[in-house]
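The values are calculated or read from the model by the stated rules, or taken from the named source; none is laboratory data. Computed from a prediction, not measured in an experiment: that's the story for all the values here. Cβ placement follows ideal geometry from the backbone for every residue including glycine, while neighbour counts extend to all protein chains displayed. Protein only, heavy atoms only, side chains kept; ligands, DNA and RNA dropped before computing areas. Shrake-Rupley method; radii C 1.70, N 1.55, O 1.52, S 1.80 Å.
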Amino acid sequence: MSQDYLSDLFSLEGRAAIVTGAARGNGFAMAEALASAGAHVLMVDLLEDDLSLAIDTLSSKGLKVAPLALNLVEQGSSDLVVGEALSLFGRCDVLVNNAGITRGGGSLDYSAKDWDETYQTNLRVPFELSQRAAREMKVQGQGSIINITSLNAELAFPDNPAYVAFKGGLKQLSKALALDLGCFGIRVNSIGPGYIKTQMT
């Protein structure tokens, strides 16, 4: 198989993607991969300084990326994210729900605050972003939503009940959305990485 054939087969020219948690680690790598395949990529992250550095790094390679510094748990953030992609690129073809947090603690004394914060970031935000992006994808007649779960969606790890619960929930949400949105030409998949050396791990 020729390199040109493979490049054409996996080309994302003319497509627009959103990647959350894109300033560093796995999110940065996914944003770079999508942009390298030709997509315009909106990189969303709470970490403004890291996001600025990430944009500079990818822009220097000639990749088509744009930043959005935003706390995704804030009310209305999903509308802001998708609206920014539409404003910049005119469409929304790919959503990668990568942003996540982890709060360790034993199950017997795990705090309600840590539980709620993990839920907000790791499950509520991906649902709301998927819902908002899917409305645009339905109009386009196609789209792809990719939820980044974890090995913890399959196996329980010690002293982290919220992370395990909501990564498992995100995997099941992916199945529910795939069933409900497939008739509109929208594919929904989840990827469950194991441990990868990043600043978070």
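Ranking request for peptides 147-155, 170-178, 70-78: highest mean number of other beta-carbon atoms within 10 Å first, then the rest in descending order.
Descending packing order for the listed peptides: 147-155, 170-178, 70-78.
Pop the C-beta distance of SER107 and LYS197 into the FRET formula with R0 = 35 Å and round what comes out to the nearest 0.05.
Values: r = 27 Å, r/R0 = 0.78.
Taking R0 as 35 Å, the efficiency between SER107 and LYS197 is 0.80.
Rounded, prolate or oblate: which fits segment 37-83, taking a ≥ b ≥ c as square roots of the Cα gyration tensor eigenvalues, rounded meaning a/c under 1.5, else prolate when a/b beats b/c?
Cα axes put segment 37-83 in the oblate bin.
Please work out how much length the chain gains when fully extended from PHE184 to ALA156, using 0.36 nm per residue of separation minus the C-alpha to C-alpha distance, in nm with one decimal. Provide the component values of the computation, followed by the final result.
Working: separation 28, 0.36 × 28 = 10.08 nm, distance 3.44 nm.
That pair, PHE184 and ALA156, stretches by 6.6 nm at full extension.
Per residue, how many Å² of accessible area does segment 68-170 show with a 1.4 Å probe?
On the way: 4700 Å² over 103 residues.
Per-residue value: 46 Å².
Taking the Cα centre of the chain as the origin, how large is its charge dipole in debye, to the nearest 20, when only Lys and Arg (+1) and Asp and Glu (-1) carry charge on their Cβ atoms?
480
Specify whether the C-alpha gyration tensor of the chain places it in the rounded, prolate or oblate class, a ≥ b ≥ c being the square roots of the eigenvalues: rounded for a/c under 1.5, otherwise prolate if a/b is larger than b/c and oblate if not.
Because a/c hits 1.5 or more and a/b exceeds b/c, the chain counts as prolate.
If I take every Cα pair under 8 Å that is 6 or more residues apart in the chain, average their sequence separation and divide by the length, what percent do I get for the relative contact order? Let's see the in-between values first.
On the way: 365 pairs, mean separation 37.8, N = 201.
Normalised by residue count, the contact order of the chain is 19 percent.
So, in Å, what gap is there between the alpha-carbon centers of segment 13-40 and segment 157-195?
Spelled out, the Cα-based centre of one part sits 20 Å from the other.
Going through the DSSP H helices of the chain, which span 20 Å or more along their own axis at the Cα atoms while scoring at least -0.5 as a mean Kyte-Doolittle hydropathy?
The answer, listed by residue number, is 161-181.
Give me the percent of the accessible area of the chain that comes from carbon and sulfur atoms, probe 1.4 Å, all protein chains in place.
C and S atoms contribute 54 percent here.
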